[in-house]
Amino acid sequence: MKDATRQRPPIMELIANAPWREAVTYRNTWPHEYVVVKKDGQEQLLAAFCERIGRGEGVECQFFHQTRRYLFLDDYKYWIMVECDEVDLDAEDEVINRARLYRDRRDFVIQRGDTGRLEDYPASPAH
């Protein structure tokens, strides 16, 4: 019997083939991209993301008052707006987000005074 995980494309292949679009509203504050899971046919990508989070690969990070689990892969961090066990595949608006890594503390803690622009890093970054 074949291993079921081998029948699915690896997550990096799913990411490469996803139709990422710019979150235009946040272009000047929190630049990122997203896919709409149902509309864009990205159910496999969402399942692969949640599988990796479920295996403990997610890193808990702070975005102001919100705590989320991010998946760090290559030059991006990926996240969804709910916990994986709360995902509703029937919902039309489930999204997967990704943002390029800052390569500083903001990849883990976004705090008051940070605008998301590289040049506006807070004078006293979180520790």
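Here are the numbers:
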item: Residue in the range 9-35 that is surrounded by the fewest Cβ atoms within 10 Å (Cβ to Cβ), counting only those that are aliphatic (A, V, I, L, M) and outside any loop (DSSP other than H, G, I, E, B); result: 24
item: Residue count, the range 50-64 (criterion: open to solvent by 40 Å² or more (accessible area, probe 1.4 Å) and either in contact with a Ser or Thr (Cβ under 9 Å, 6 or more places away or on another chain) or at negative phi (or both)); result: 9
item: Flag if residue 121 is at pLDDT 90 or above and either surrounded by 12 or more Cβ atoms within 10 Å (Cβ to Cβ) or of a type in the set (S, T, N, Q) (or both); result: no
item: Qualifying residue in the range 68-79 (condition: of a type in the set (Lys, Arg) and touching a Lys or Arg at 6+ places or on another chain (Cβ under 8 Å)); result: yes
item: The range 36-49: number of residues that are surrounded by 19 or more Cβ atoms within 10 Å (Cβ to Cβ) and either among the β-branched types (Val, Ile, Thr) or modelled with pLDDT under 95 (or both); result: 1
item: Within the range 32-71, tally of residues that are over 19 Å from residue 19 (Cα atoms) and in contact with a strand residue (DSSP E or B) (Cβ under 7 Å, 6 or more places away or on another chain); result: 14
item: Which numbered condition residue 67 misses (of (1) open to solvent by less than 70 Å² (accessible area, probe 1.4 Å); (2) modelled with pLDDT of 90 or more; (3) in a strand (DSSP E or B)); result: (2)
item: Complete set of residues in the range 46-84 that are of a type in the set (Phe, Trp, Tyr) and either within 14 Å of residue 97 (Cα to Cα) or under 13 Å from the mean Cα position of the chain (by Cα) (or both); result: 49, 63, 70, 72, 76, 78, 79
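The values are calculated or read from the model by the stated rules, or taken from the named source; none is laboratory data. Note that the structure is a prediction, hence the values are computed from the model and not measured. Glycine gets a Cβ as well: all are built from the backbone with ideal geometry, and neighbour counts include every protein chain shown. Heavy atoms of the whole protein, side chains included, go into the accessibility calculation; ligands, DNA and RNA do not. Shrake-Rupley method; radii C 1.70, N 1.55, O 1.52, S 1.80 Å.
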